[in-house]
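Reading through the structure tokens given below for one structure.
Derivation of every value follows stated rules applied to the coordinates shown; laboratory data play no part. Since this is a predicted model, take the numbers as computed values, not measurements. Glycine gets a Cβ as well: all are built from the backbone with ideal geometry, and neighbour counts include every protein chain shown.
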Amino acid sequence: MCELKFYIKVYGCQMNQYDAGVIRRIMEESNFIEVSDVKEADIILVLTCSVRSHAEIRALGQLNFWRRLKYEKPGLIIGVLGCMAQNLKDLLIEKFNVDLVVGSDQYRFLPKLINEYYKTKLPQVATEFTMENYEHIIPKTNNASVVGYISIMRGCNNYCSYCIVPYVRGRERSKSLSQIVTEAESLIRHGVKEITLIGQNVLAWHDNNADFLTLLKEIDQLDGYYRLRFLTSHPKDLTVKHWETFSQLKKFCPYIHLPLQSGSNRILALMNRGYTKEEYLEKVMQGRQIIPDLVFTTDVMVGFPTETDDDYKETLDLLGKIKFDFAYMFKYSERPYTKAQKITPKVDAKIAQERLIRLIEYQNKITKERINSYLNKECEILVEFYTYPYSKGRTKDNKMVIIKDKLEIGEIYRCRITNIKGWTLIGEIIDKSNCNVQNKVYYIENLKEGL
Ligand code: SF4
């Protein structure tokens, strides 16, 4: 079978964007051709997310719409892939007339499942967990880009009580060190200047005796790119040794996403997060002491079962103390399989909504304060886009800057922030010749006793 066309729609996080590249490569190697117009497709693949019920509802709405296309195009195959396939399984066939249901460890078998469907005209389901890591598959990205991602691990063993991930993406497993280095070298060869290592908890990565810090040092010494990032880091696994090592890397970007979730110790314990608010705060202070320019962003959840006004106030209080540059803020979303499903009493939906609104207002003020502190600052940007007449570049601490000038994509420039509109930084180039400057190395200062 050859020259069949597929269209892929991706929902969810960066991990799913990465998996879409893996799926594209698998499909392409079996002679399937990707199309950007769904109407041209023989096969529609929907790569889904189940982390919040809202994401599932959106994907199901889209499926409902697309299944009508089957009347116009008999033989059209619709496949649901990823977390939702794992979660809903046969229900997708029974209620949504889906032809393929493929879990996150089964993408290698997609071409075989499609062929099997054509032969038998029977729906195909493959949702077994196999500890698959997609070693030796270099993801195919659609657009040439100066930023690239490498999934260094899959799954999660942490079982936070609200989270469906361990149930739909399986147990934690790490990709081998050699494969990660191969992927990094491939990205660099293709012009990538900023590499982000991704995983549900990158700090837990290991390969025999090598830990995450060994991996970082290995990637850091590769030539031909400027910047190294990673996400997500679980606060419980973060130590002073991590900060010390980050500070010595040449390409480390002083930006870290560290999900807090709640500022109440009672709620953190119910969430099974493995740290207290005091421990979290101490880790932030250690980081700021060792890496003075460090920027933190976070995730915060309100309305977790049993959350009281006092618990909620403790969260606001901690946000006020830490002053994150940005926070992704959510209402608790009940997910199947999770322990939090059984925790009662639930927070009234209206109260949870009010708490979320007030939280957003509160954090937005902090975000604005943080943004305003960039006025007149000098920073180094990596140019990612140019659309006449503006170039867009990212600072090392992950702020996008707009420059009214045509700059070379993939190059580093020094600029000064001259204006701020809303949350957008506007800058001017200080020196028009791009400066592929040696990345600054932070020197560890003596830690204060007790930190
Ligand atoms: S660390 Fe917790 S929240 Fe993150 S993926 Fe694992 S179980 Fe989910």
Could you give the radius of gyration (one decimal) and Dmax (whole number) of the Cα atoms in the chain, in Å?
23.0, 71
Fully extended, how many nm does the chain gain between THR308 and THR182 (0.36 nm per residue separation, minus their Cα-Cα distance)?
40.4 nm
In the stretch 303-358, trypsin sites (Lys or Arg not before Pro) in a DSSP loop with at most 15 other beta-carbon atoms within 10 Å:
LYS323
Let me know the whole percent of all Cα-Cα pairs from the stretch 14-75 that are separated by more than 12 Å.
74
Send over the Kirkwood Rh of the stretch 5-126, from the inverse of the averaged 1/r over different Cα pairs, rounded to one decimal Å.
14.1
Taking the Cα centroid of the stretch 167-202 and of the stretch 328-385, what is the distance between the two, rounded to the nearest whole Å?
27
Quote the charge dipole size of the stretch 5-126 about the Cα centre in Debye, to the nearest 20; the model charges only the Cβ of Lys and Arg (+1) and of Asp and Glu (-1).
220
Please state the charge dipole magnitude for the stretch 233-290, taken about the Cα centre, from unit charges on C-beta atoms (+1 on K and R, -1 on D and E), reported in debye and rounded to the nearest 20.
140
Diffusion constant of the stretch 305-389 at 4 °C, which comes from Stokes-Einstein with the Kirkwood Cα-pair radius and 1.567 mPa s, µm²/s
81
Give LYS112/LYS217; LYS323/LYS346; LYS175/LYS342; LYS323/LYS350 a once-over and call out the pairs whose C-alpha atoms are over 32 Å from each other.
LYS112/LYS217; LYS175/LYS342
Loop-located trypsin sites (Lys or Arg not before Pro) in the stretch 36-97, at most 14 other Cβ atoms within 10 Å (DSSP):
ARG68
Kirkwood radius from Cα pairs of the stretch 198-311 plugged into Stokes-Einstein at 10 °C, 1.306 mPa s, gives D in µm²/s equal to 104
What are the lysines whose alpha-carbon lies under 19 Å from the alpha-carbon of LYS421, with same-chain residues fewer than 8 places away excluded?
LYS365, LYS368, LYS377, LYS392, LYS399, LYS404
Where nothing but the Cβ of Lys and Arg (+1) and of Asp and Glu (-1) is charged, how large is the charge dipole of the stretch 378-429 around its Cα centre, in debye to the nearest 20?
180
Partners for LYS121 among aspartates and glutamates (Cα-Cα distance below 13 Å; same-chain residues under 8 apart left out)
ASP99
With a cut-off of 8 Å between alpha carbons and a minimum separation of six or more residues, what is the relative contact order of the chain in percent?
10
I'm a student and want to see the number: the projected area of the Cα convex hull of the stretch 142-213, averaged over all directions, in nm².
5.8
Mean residue ellipticity at 222 nm from the helices of the chain, using -39,500 (n - 2.57) per DSSP H segment of n ≥ 4 over the full residue count, to the nearest 500 deg cm²/dmol?
-10000 deg cm²/dmol
Grab every C-alpha pair in the stretch 378-429, bin the distances at 5 angstrom width from 0 up to the longest one, and report whole percents.
5, 25, 38, 24, 7, 0
Counting only DSSP beta bridges with both residues in the chain, what percent are antiparallel, rounded to the nearest 5?
35
